[in-house]
Each structure stands twice: as C-alpha cells, then as structure tokens.
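One structure below.
The values are calculated or read from the model by the stated rules, or taken from the named source; none is laboratory data. Source: prediction; values computed, not measured. All Cβ positions, glycine included, derive from the backbone under ideal geometry; neighbour counts span all protein chains shown.
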Amino acid sequence: MPELPEVETVRRTLNALIKGKQIEHVTVRLARIIQRPDDIQAFAHLLAGHSIIDVQRRGKFLRIVLDGLVLVSHLRMEGRYGLYSSNDPLDKHTHVIFHFTDGSELRYNDVRQFGTMHLFQQDEDLLLAPLNKLGQEPLEPSFTLERFKEIVADKSTKIKSLLLNQEYVVGIGNIYVDESLHRAGIHPEDSAKSLNDKQLDKLYQAIVATLTEAVNAGGSSIKSYVNGQGESGTYQQQLIIYGRKNEPCSSCGTMIEKTVVGGRGTHYCPNCQRPSVT
C-alpha cells in the first residue's frame, strides 16, 4: 500500500500534470470505487465544469481541490493515476476517467479495485469520514518533539502499533515504521510508555529523517507503485531493515529477523533493537 512518501510523490506529480485543468465530463467504469455520493451519475454530474485548483495530501489520502469541491482519493494497494490523451487505448483496469476540456484525460487504474473516492463540498471533507479522525502529520512544522511525546505519553500500546495507528500519527506505514525503529534502536514490541526521553528523541528524529529521505527519493517501489508520471520510486534501494529477513544488519552484522506485530510483518535486528527491561 502506498504510504506517506509515495502519496506525497503522487501529489507533487499530479499537481504538475493537472492543476488548472477543467473537467468536461467523468466516466465511471466501476461503481464501487465511488463511495460518496453513492450514485455514480450524481458524482459525474457534480464534477462536470469544475476546474482543479490544487492537489493536496492528508495522511495517505489525496485531496484534489476544485473550485467549490474536494475529491478525496485513497489509492489503497494498487491504485494509480496517469494523464493520457483521449486517443490512447484504455487499460482494462481503468475504472474512472476525468475528461478535460483540452482533450487530455486523468485515468484512475486499480488492479485490485480497493481504491475509493469521496466527493465533498469545499472543506466539508475535513469534518467527515474518512479524514475527520486522522492524527498528526509527521512532516508538518506542528510535529515537534514535544507534540510527539504528548502522543506517546502513558500509552501501553506497542510502539509499532501506535505508530501505525492513523488516529495518532498519519501516513508512516509499515515500511517506514520498521526503518525508523531500527534507526532509533527501539524494539517494535516495546510499549510506548516504556520509552525514555532519549529514546523518544531518537525515534522522533528517525521518523522525520526517514520520511524526508523517502519523499526526496520519490518513495519506495516495493511492488507496483509508480508516481503520476509512471515513474518508480528509488528509496527501496536505501532500506536498511524492511524486507531483509536473514540478511546481516548493516550496523552490527546480526541476522535480521521477522515477526508479526499488530498483524503486520515486522523486521528488526535482535542486537540493535533489544527489548526494554520492564
């Protein structure tokens, strides 16, 4: 599933591709992608004639801001956008097409068909599901060390599970939680409240550094992720722990192990990330 760095990269490329374009009409080829409104004809009718003002991101969601409307799009596991000419052949997995007045088309392709789209009046989306319960953005200036400590304080939850919980911090995702915990030398099953100030400081710095590096590298193309221009990310070449089971840790040479935390496959070094003594 695309995580914050991948969605941020898609946001940036889409802004360069579609900002300022006017929608002439919309074709929906798979109704279940459209979650709001629940009528695909109403969805298409509401969008016709509107222009794209900006493409923003909230957590792992794209916010396509139009003049008076906001389209909230979640890519889920395999969703991707691309800009095409109206003459280009259609892929069988293209489910939604935004036809622009200049003859170009923004096409949403989703092999797994898990992606969603919700259409709202302007700013209404931030008050309603799926965005209304999202937590702190980790790359915003408001994500300070003090704010991070407030989020973590007194919680008995395993630190990995807490960081994956979108109601606390948004968008980090499985890959980047594993990378951040290894960089900070913290075991993924340590409880959040067991971490001392030094550990929290290291983890905070690790989260910000890891996500910033990943965004600068265009995200990680572990499976099929590409940005809005069809380009793969390169951060997977820099991963030091995720996906490296039974490989030597780059820091100490100990073989990397894999376990399950909160239902998610979890990579860690048993030497660099020793459990806290409680």
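Below, the figures for the structure above:
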| read-out | value |
| --- | --- |
| Count of residues meeting criterion [over 17 Å from ARG36 (Cα atoms), touching a helix residue (DSSP H, G or I) at 6+ places or on another chain (Cβ under 8 Å) and not hydrophobic (A, V, I, L, M, F, W, C)] in region 123-148 | 3 |
| Strands (runs of 3 or more DSSP E) completely within region 5-90 that count 1 or more residues being closer than 30 Å to GLU179 by Cβ | 52-58, 61-66, 69-74, 80-85 |
| Residue in region 164-171 that is modelled with pLDDT under 95, touching a Pro at 6+ places or on another chain (Cβ under 9 Å) and either crowded, with 16+ Cβ neighbours inside 10 Å or more than 21 Å from GLN56 (Cα to Cα) (or both) present | yes |
| Given (1) farther than 19 Å from LEU4 by Cβ; (2) free of Cβ contacts under 8 Å to residues at least 60 places away in the same chain; (3) surrounded by 13 or more Cβ atoms within 10 Å (Cβ to Cβ), index of the condition ILE186 fails | (2) |
| Selection within region 53-74 - more than 17 Å from VAL7 (Cβ to Cβ) and hydrophobic (A, V, I, L, M, F, W, C) | ILE53, LEU66, LEU69 |
| Filter result (closer than 17 Å to GLN41 by Cβ and within 21 Å of the chain's Cα centre (by Cα)) within region 92-119 | HIS95, VAL96, MET117, HIS118, LEU119 |
| Number of the condition not met by ALA153 [criteria: (1) surrounded by 17 or more Cβ atoms within 10 Å (Cβ to Cβ); (2) at pLDDT below 95; (3) among the hydrophobic types (A, V, I, L, M, F, W, C)] | (1) |
| Test for ILE97: is it assigned by TED's automatic domain parsing to the domain that holds VAL215, out of contact with any helix residue (DSSP H, G or I) (no Cβ under 6 Å at 6 or more places or on another chain) and of a type in the set (A, V, I, L, M) | no |
